Amino acid sequence: MRGLTRFLVVGLLAILWPNTARALDPHRTLSQYVVERWGAERGFSGGVYSIGQAADGYLMIATRNGLLRFNGLTFVQMHSKELEASLNRVVSLVSDAHGAVWLKLSAAGVTLLRYGQGAFRNLISDLPTLAAADAITRGRDGTALCLLNYEASSVGGRRSADAIVSCDTMTHGGEPVKGFPQSNVLAFAQTSNGDVWLGTTDEGLFRIHDGQAEAVNEGLPDLKVNALAPSANGELWVGTDAGVVRWDGAKLTRAGVPDSLRGIQVLAILADRDSNIWLGTNSRGLLRLNAHGVFALGGSDAGMPDTIDAIFEDREGN
């Protein structure tokens with residue numbers, strides 16, 4: 001677990017002048033954003049792992065106390081008669097372009113669910129081969145991508161091959177990835193040029209191109225990669241336990257990354273629709289990075305915690 005306490009960062013930012021500026025306008029100072037906080041006194045309890053948005057507009061929040069649905073005012077615990085226990089083990093979720101929500105579970109047997117039209121479906125049970133979903137992400141075309149782990153047998157759990165497939169068509173399987181890392185995958189993303197990226201617990205960063213995985217660690221501050229965020233022109237922001245760097249299409253670089261971000265533990269990254277880069281850190285709260293520099297939104301004065309584990313931009317730009 002990342003830290004002793006997790007906080008909800010959801011519907012976080014709303015501009016004071018919605019009729020004259022975009023929701024996350026990079027020219028606005030952080031003091032010009034409205035921040036609203038939900039805690040135990042407002043019906044929210046439990047730490048946040050991940051946030052997404054369903055087709056009906058409700059936010060779905062994976063927490064250590066189960067899966068919640070949020071309408072902007074109240075939180076409702078989500079239930080499923082067939083998958084009740086599974087909903088307590090959701091650790092990440094992804095919204096696709098069609099409004100379906102894909103949920104990754106930390107459980108044996110049931111590791112991937114799809115939520116759509118008010119119902120949950122166990123996708124792994126549809127696969128002809130014993131497999132598990134190691135990670136999920138939203139691909140460049142808005143579809144959900146699954147990182148599948150095909151086991152050699154049900155005994156011993158040895159990894160024989162891994163494939164990256166569209167979650168919608170995963171029953172067709174996929175081509176194995178050569179040179180796949182052995183470490184656990186903490187972060188999973190696809191850049192606009194189609195390359196797939198993996199951040200691992202202790203082997204660093206990997207790029208997958210044409211079915212081949214290669215380590216990209218030159219210039220990486222730390223081999224533990226916690227978060228990845230694609231941005232324009234095939235670029236990728238990489239958050240580690242010892243700072244943040246940027247893949248510029250050819251190499252990892254600190255160009256455009258201020259010295260003040262050296263050494264900080266980055267737990268979450270979001271590249272928003274207005275080219276701001278938002279960083280969730282373990283000790284400095286929420287940071288915004290853009291051409292104007294780094295600005296912090298944290299501390300008790302702003303009603304924000306020092307540790308931010310999840311960041312999400314909804315369809316309205318909050």
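The values are calculated or read from the model by the stated rules, or taken from the named source; none is laboratory data. Here the structure is a predicted model, which means the values were calculated and not measured. FYI the Cβ positions are ideal-geometry reconstructions off the backbone, even for glycines, and counts take in every protein chain you see. When the accessible area is computed, the model is the full protein with side chains, heavy atoms only, and any ligands, DNA or RNA have been set aside. Shrake-Rupley method; radii C 1.70, N 1.55, O 1.52, S 1.80 Å.
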- Please determine, by comparing only the residues of the range 26-79 that are polar (S, T, N, Q) and open to solvent by less than 40 Å² (accessible area, probe 1.4 Å), which one is farthest from residue 312 (Cα to Cα). 63
- Message: Looking for something at pLDDT 75 or above and in contact with a helix residue (DSSP H, G or I) (Cβ under 8 Å, 6 or more places away or on another chain) - is there at least one such residue anywhere in the range 27-45?
- Response: yes
- Query: Is there a residue in the range 137-159 that is open to solvent by less than 60 Å² (accessible area, probe 1.4 Å), of a type in the set (Gly, Ala, Ser), modelled with pLDDT of 85 or more and out of contact with any helix residue (DSSP H, G or I) (no Cβ under 6 Å at 6 or more places or on another chain)?
  - Reply: yes
- Within the set of pairs 6 or more residues apart or between chains, which connect a residue that is touching a residue at least 24 places away in the same chain (Cβ under 8 Å) and over 20 Å from residue 88 (Cβ atoms) inside the range 48-76 to a residue that is of a type in the set (Ser, Thr, Tyr) and open to solvent by 10 Å² or more (accessible area, probe 1.4 Å) with Cβ atoms less than 6 Å apart? 53/95
- Within the range 93-119, residues buried (at least 21 other Cβ atoms within 10 Å of the Cβ) and assigned to a strand (DSSP E or B) come out as 93, 94, 95, 101, 102, 103, 104, 105, 112, 113, 115
- Filtering the range 186-198 down to residues that are open to solvent by 40 Å² or more (accessible area, probe 1.4 Å) and touching a Pro at 6+ places or on another chain (Cβ under 8 Å) yields 192
- Pick out, from the range 199-318, the strands (runs of 3 or more DSSP E) lying fully within it that include 2 or more residues that are within 18 Å of the chain's Cα centre (by Cα) and surrounded by 22 or more Cβ atoms within 10 Å (Cβ to Cβ). 205-209, 225-230, 236-240, 243-247, 266-271, 277-281, 286-290
